[in-house]
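These notes concern the structure reproduced below.
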Amino acid sequence: MQIHTTARHCELDPEVRLHAEERLRKLGKFARDIREAHLTVTAERYRHSAEITVRLNHHELVSREESNEARIAIDLAADGLEQQLRRFKEKRVDRKRARGGSARNAAPGPNGAETPGEEPGGED
């Protein structure tokens, strides 16, 4: 995963930049197909805003947060992105489970038979 950082109207300390990169690398456990992450930190007077954009194979997720300090804004944005990735991963897993074969997902009938058309006591 490539991580790009941009600072607008401010300078990011090397330790804040390193902290941000570590935080973004941890997002890889939620999606293996993360291609790149872009962090933009903007300073306006006393307010710092952080925007993180993560590009997956066919999706793009964005999180924006503001705070008085750049490090806090980055952490808040990373937390929001982590929640988005968790939800996205759950959707992927649920979709795969729903596509499973019908024979695997068939529940046994009342007599223990797995054929859905069979009725109990159907012999006359």
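Numbers below:
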{"item": "Where Q84 falls short, out of the listed (1) exposed (fewer than 15 other Cβ atoms within 10 Å of the Cβ); (2) free of Cβ contacts under 8 Å to residues at least 24 places away in the same chain; (3) not hydroxyl-bearing (S, T, Y)", "result": "(1)"}
{"item": "Region 31-57 - residue that is touching a helix residue (DSSP H, G or I) at 6+ places or on another chain (Cβ under 7 Å), closer than 22 Å to V93 by Cα and free of Cβ contacts under 8 Å to residues at least 40 places away in the same chain and, of those, surrounded by the most Cβ atoms within 10 Å (Cβ to Cβ)", "result": "V54"}
{"item": "Residue within region 13-23 that is assigned to a strand (DSSP E or B) and either open to solvent by 20 Å² or more (accessible area, probe 1.4 Å) or β-branched (V, I, T) (or both) present", "result": "no"}
{"item": "Condition check for L39: in a strand (DSSP E or B) and more than 21 Å from C10 (Cβ to Cβ)", "result": "no"}
{"item": "Unique match (being part of a helix (DSSP H, G or I) and of a type in the set (D, E)) among D75, D33", "result": "D75"}
{"item": "Index of the failed condition, T53 passing every other in (1) at positive phi; (2) at pLDDT 95 or above", "result": "(1)"}
{"item": "Selection within region 72-124 - among the acidic types (D, E) and modelled with pLDDT of 85 or more", "result": "D75, D79, E82, E90, D94"}
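The values are calculated or read from the model by the stated rules, or taken from the named source; none is laboratory data. Keep in mind that what you see is a predicted model, and the values were worked out from it rather than measured. Here Cβ is always computed from backbone atoms with ideal geometry, including for glycine, and neighbour counts include all displayed protein chains. SASA here: full protein model, heavy atoms, side chains in, ligands and nucleic acids out. Shrake-Rupley method; radii C 1.70, N 1.55, O 1.52, S 1.80 Å.
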